[in-house]
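What follows is a set of notes on a single structure, which appears directly below.
The values are calculated or read from the model by the stated rules, or taken from the named source; none is laboratory data. This is a predicted model, so every value here is computed, not measured. All Cβ positions, even for glycine, are placed from backbone atoms using ideal geometry, and neighbour counts span all protein chains on display.
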Amino acid sequence: MHILLIEDDPDTARHVSNGLKEAGHVVDIADNGSDGLALASNEAYDVLVIDRMLPAMDGLSVVSQLRDADNPVPVLILSALGDVDDRIAGLKAGGDDYLAKPFAFGELQARIEALARRASQRTTVTQLKVAELEMDVLARRVRRGDSVINLQPREFRLLEYLMRHNGQVVTRTMLLENVWDYHFDPQTNVIDVHISRLRSKIDRDFPVQLLHTVRGAGYILREPE
Amino acid sequence: MNPNSFLRSSTFRLALLYVALFTASVLLLFSFIYWSSVRYMADQTDAAIKTEINTLAERYEARGLAGLRRLISARVERQRPTGTSVYLLTDAGGQVIVGNIDRWPRVQAQNGWLDFNLEARSLDDVSVHPARARQFRLAGGFRLLVGQDIQELKVARLRVITALGWGIGLTLLLGLAGGFFISRRMLNRIDSINETSQRIMQGELSHRVPTDGSGDEFDQLANNLNRMLDQIESLMESIRQVSDNIAHDLKTPLSRLRQRLEALHDQPTQNNAQLPALDQAISEADQLLGTFNALLRIARIESGPQQASLCEIRLDAVAADVVELYEPLAEEKHQRLVFRAAAQPVVLADRDMLFQALANLLDNAVKYTPLGGIIEVVVAQSDDGPSVAVGDSGPGVANANREKIFRRFYRLDSSRSSAGNGLGLSLVNAVARLHRARIDLDDNDPGLRVTLTFATNGA
């Protein structure tokens, strides 16, 4: 993927771009808002990562100018201000996702990949399949091989989100935001318990595991290699 | 201002006391005026009677009975028809010799004085007037009676009494009205001070006592209170600023540290034996960052009302979501998590913050309730307003510690060993204050029950 990072703190910029490059992406860096806007307007990027506080032009203005010019590129806003009001302001300006500093690099990577996929999957898929695990979103049916799996509504949404992000790491906060629809800071392993319940339904009675825990980052549902 | 509090107010009582004292002194003063004026008039009458008797007695001694008769006749004649003097001269047997009444009054004399009723003939009517007279025995057994019709005196006395009565009534009325007015004025200003302090206690620290610019004692008190509040506010602000700055300034190097650790962890050349230690270091950094984030979050919530982010939401819906999130965690500890919603109250709230607060409460409940215990979450609508209660069956919190558990970093001795940063309930407290919700801690027998009660109308 071709990613533009607009960030004025050199340490963070280096850290993020190194990480993304290692993951196989191409990264351009701009250290102020107006350079960033110029780059974003002239090149075709898959995802933009924009810091809110920038010299020359602040991050939110960059996003709104891009949106005014009908540029649909997915934007992830980074900010030291992590509160609900700021998040709402960021999303109103046209950002697609919002991540508060400090963040784990895994969280950022997972969100960037989720954004890129969301942009490429414009059509709504209602039949999901990961290895022999199948989901019919409309009929709300799940089966793995020959056996039907009964899920609670929340477990269904959890699995649907994981299957839609098949092969990608999803973090705990991404799950909270998208499956539970709350932005909050879980203190304990409350998500882990939900995952292990789901795992006991879709994985326990089968020889091959599909749902994996990624240490320090989150979870991944993927086909066996 | 309700009338009850007015009657109980110390200013009103003071006003009442002043009115009583004032009335008593007016009463005393008026009694003296009455006594001295009426007494003076009576004395004047008595003195005139005595002088007249002396005159008549001298005439008798000088000119004998005939001379006296002539003089009395002349006096009676002179004062007709409306005179107020009474004359009577009788012989020893009581036969009238001369005078303007027809018989000796039938009353006992006291020290030579007689008080009796007189049929007074004025021009067109006959009425009974009081009279006062003095008797005098002349040589030769003649008896002389000289007196005055004292109707005038009686009328004057009545007038004085009436005037004094009106005076006292008016004094009472004016005193009461004045006391009412003054105490109400004072009470209004004290009420405004009370109201301000209540609002400040509810967290609106920027509120100030109103002054009316008159520079009186109340204004001075208000100004002093306001200056005190300014100082408290700036102190609190600087403390908050300092802790904010500390958290913020430490957060940046901490996140860099975390970034470096992560980079080290992900280096392909990394020696596998060091990975667990790096993982541990990263998770410690995460915990520290979590604490800083929680601190900053509380500071942000407390630093001012962000009413903009409040909207109408169903309290029971959010509570149900939190219960659903924590249900598997409780089940893992074999706890029964019971959710009851007796009503579907709508509150004005920030959905995420409310969720966070309830999650923190439920997190604590799950943490402190023993294996197999019961946790209850109850949403209700009472006269007080919509409420949500989280009750556990854990060890509970002693009364003495209940205030303290909302302090930042405060942890009960019994829970120091378990995971947590001592900020969970501080955040609940901050969220409750933002929503103007009341927090009550009660005994759940056994355990603790925390109730959040929202103001009615969601305001």
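Of note:
- Considering B:S197, B:S243, B:S234, B:S238, the condition of being touching a helix residue (DSSP H, G or I) at 6+ places or on another chain (Cβ under 7 Å), farther than 28 Å from B:Y18 by Cβ and not charged (D, E, K, R) is satisfied by B:S243 alone.
- The residues listed here are B:R159, B:R137; of these, the one that is basic (K, R) and within 26 Å of B:I53 (Cα to Cα) is B:R137.
- Of the residues making up region B:104-121, those that are more than 11 Å from B:G147 (Cα to Cα) and either at pLDDT below 80 or assigned to a strand (DSSP E or B) (or both) are B:Q110, B:N117, B:E119, B:A120, B:R121.
- The sole residue among B:E233, B:E262 that is within 11 Å of chain A (Cβ to nearest Cβ), of a type in the set (D, E) and free of Cβ contacts under 8 Å to residues at least 40 places away in the same chain is B:E262.
- The number of residues in region A:150-195 that are assigned to a helix (DSSP H, G or I) and over 17 Å from B:G290 (Cβ atoms) comes to 21.
- Count - residues of region B:374-396 that are buried (at least 20 other Cβ atoms within 10 Å of the Cβ) and either polar (S, T, N, Q) or assigned to a loop (DSSP other than H, G, I, E, B) (or both): 4
- Test for A:N178: is it more than 13 Å from chain B (Cβ to nearest Cβ) and surrounded by fewer than 18 Cβ atoms within 10 Å (Cβ to Cβ): yes
- A:R143 fulfils the conditions (1) within 30 Å of B:L427 (Cα to Cα); (2) at pLDDT 90 or above except for a single criterion, (1).
- Residue match in region A:50-70 (condition: within 14 Å of chain B (Cβ to nearest Cβ) and hydroxyl-bearing (S, T, Y)): no
- Contact annotation: residue pairs with Cβ atoms under 7 Å, 6 or more positions apart or on different chains, pairing a residue in region A:97-114 that is without any contact (Cβ under 8 Å) to a residue 40 or more places away in the chain with a partner that is surrounded by fewer than 21 Cβ atoms within 10 Å (Cβ to Cβ) and assigned to a loop (DSSP other than H, G, I, E, B), are A:A100/A:G82.
- Within region A:1-55, considering residues that are under 20 Å from A:D86 (Cα atoms) and touching a residue at least 60 places away in the same chain (Cβ under 8 Å), the one surrounded by the fewest Cβ atoms within 10 Å (Cβ to Cβ): A:E7
- Matching option when the condition is closer than 27 Å to A:E177 by Cβ and among the hydroxyl-bearing types (S, T, Y), among B:Y326, B:Y368, B:Y410: B:Y326
- All of B:L153, B:L174 fail the test of being touching a Lys or Arg at 6+ places or on another chain (Cβ under 9 Å) and assigned to a helix (DSSP H, G or I), apart from B:L153.
- Test: residue in region B:341-359 that is among the charged types (D, E, K, R), more than 13 Å from every other protein chain (Cβ to nearest Cβ) and free of Cβ contacts under 8 Å to residues at least 60 places away in the same chain: no
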